[in-house]
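Here the structure is laid out as structure tokens; the discussion comes afterwards.
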Amino acid sequence: MSIHDLCCIGHITHDKVVTPKNTVHMPGGTSFYVSHAIRYLENIDYALITAIAESDMDAANELKMKGINVTVLPSTHSVYFENIYGENQDNRRQRVLSKADPFTVEQLCDVEAKIFHLGALLADDFSTDVVRYLSGKGLVSVDSQGYLREVRDTKVYAVDWKEKEQALQYVHFLKANEHEMKVLTGYSDVASAAKRLYDWGVKEVLITLGSLGSMLYDGTTFYRIPAYKPREIVDATGCGDTYMAGYLYRRAKGADMNEAGHFAAALSTLKIERSGPVQASCKDVMHCRETAELFMPDVE
């Protein structure tokens, strides 16, 4: 059985986006954006494990046709997000019209990888048992966003991660933005939040700060990663997932945290400059790093 360099596990979503002008249906979710980002990057053994309803198989088949190694687990439903925007794009109402089945230890017994990235979209996608099990096979990466969203009667509620202290001891990489780090730790300053997350067991803490860049922490050193200014802002959807794709790609290839952070930041900028998933090679990322204006985070 082959051991993948990187395996992303997560649901591909069915997204319904309603605006005053039109209604659009499209695939989405962490696994979707990570997979599209990775497929343009060179020399990595990558695999995706997802669970979707039969009616949404086109999204998985499209990835297969583009050369991605995709395993589809059965699920009664797909995760179905409805996002309704008013004239003000900052005003969004979100509902979850259906949920997919959670991933289980039994489903993941046959997969082997050096790094597992868990693309949780909702709080119950991955149990602590699954996180613990996968940590015995490889390094576990988690984006905290999904663990902080709970669905009750189709409505999405912001919650804390109930079993965070039990689960985080098995997590090597954790990404959180400014809001998420405060929910998780109670701290609003980056250094204190990062130290708390490290104390709970996370080995590489990644705090994303939007246009201020990002801060990485390994228990000893803080790495200040700049944001690269986009030529134009087109679509930020999936930017955090793209950041993680770039970071884990470079870490899997042997780069240190600082180099991986710079690569991830530039790849995220290339994502913002286009609608839909990023389509950027390592050469494109290098060009961005060499030519784009920098914003360095001034964060303690």
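The values are calculated or read from the model by the stated rules, or taken from the named source; none is laboratory data. Note that the coordinates shown come from a computational prediction; the quantities given were computed from them, not determined experimentally. Every residue, glycine among them, receives a Cβ derived from its backbone with ideal geometry; neighbour counts consider all protein chains shown. Just so you know, the surface numbers come from the protein's heavy atoms only, side chains and all, with ligands and any DNA or RNA stripped out. Shrake-Rupley method; radii C 1.70, N 1.55, O 1.52, S 1.80 Å.
What the table shows:
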| quantity | calculated |
| --- | --- |
| Top-ranked residue in region 77-110 [being hydroxyl-bearing (Ser, Thr, Tyr) and either under 26 Å from Thr23 (Cα atoms) or part of a helix (DSSP H, G or I) (or both); ranked as farthest from the chain's Cα centre (by Cα)] | Tyr85 |
| Residue within region 113-127 that is open to solvent by 50 Å² or more (accessible area, probe 1.4 Å) and hydrophobic (A, V, I, L, M, F, W, C) present | no |
| Number of positions in region 241-257 that are surrounded by fewer than 24 Cβ atoms within 10 Å (Cβ to Cβ), in contact (Cβ under 8 Å) with a residue 24 or more places away in the chain and not charged (D, E, K, R) | 2 |
| Pair list, Cβ < 7 Å and 6+ apart or interchain, from region 206-230 residues that are under 14 Å from Phe173 (Cα atoms) to residues that are open to solvent by 20 Å² or more (accessible area, probe 1.4 Å) and assigned to a helix (DSSP H, G or I) | Thr208/Gly240; Tyr217/Tyr198; Gly219/Tyr198 |
| Test set (1) under 19 Å from the mean Cα position of the chain (by Cα); (2) in a strand (DSSP E or B) - Tyr243 fails condition number | (2) |
| Close pairs (6 angstrom Cβ cut-off, 6 or more residues apart or separate chains): without any contact (Cβ under 8 Å) to a residue 60 or more places away in the chain in region 164-185, part of a helix (DSSP H, G or I) and among the hydroxyl-bearing types (Ser, Thr, Tyr) anywhere | Gln166/Thr128; Ala167/Thr128; Tyr170/Ser135; Ala176/Ser144; Glu180/Ser144 |
| Qualifying residue in region 265-274 (condition: of a type in the set (Lys, Arg) and buried (at least 23 other Cβ atoms within 10 Å of the Cβ)) | yes |
| Residue among Tyr147, Tyr187 that alone is of a type in the set (Ser, Thr, Tyr) and more than 18 Å from Tyr217 (Cβ to Cβ) | Tyr147 |
| Qualifying residues in region 208-240 (those that are of a type in the set (Gly, Ala, Ser) and surrounded by fewer than 17 Cβ atoms within 10 Å (Cβ to Cβ)) - the one farthest from His11 (Cα to Cα) | Gly219 |
| Residue check, Ser188 part of a loop (DSSP other than H, G, I, E, B) and free of Cβ contacts under 8 Å to residues at least 24 places away in the same chain | yes |
| Matching entry among Gln166, Gln145 (being open to solvent by 20 Å² or more (accessible area, probe 1.4 Å) and either closer than 21 Å to Phe81 by Cα or part of a strand (DSSP E or B) (or both)) | Gln145 |
| Long-range neighbours under 6 Å by Cβ, at least six apart or interchain, first residue closer than 10 Å to Ala51 by Cα and in a strand (DSSP E or B) within region 62-76, second hydrophobic (A, V, I, L, M, F, W, C) and open to solvent by less than 80 Å² (accessible area, probe 1.4 Å) | Thr71/Ile49; Val72/Ala60; Leu73/Ala51 |
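Yes/no per residue for (1) more than 24 Å from Asp129 (Cα to Cα); (2) open to solvent by 60 Å² or more (accessible area, probe 1.4 Å):
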residue	(1), (2)
Ser35	yes, no
Ile38	yes, no
Lys64	yes, yes
Ser78	no, no
Pro102	no, yes
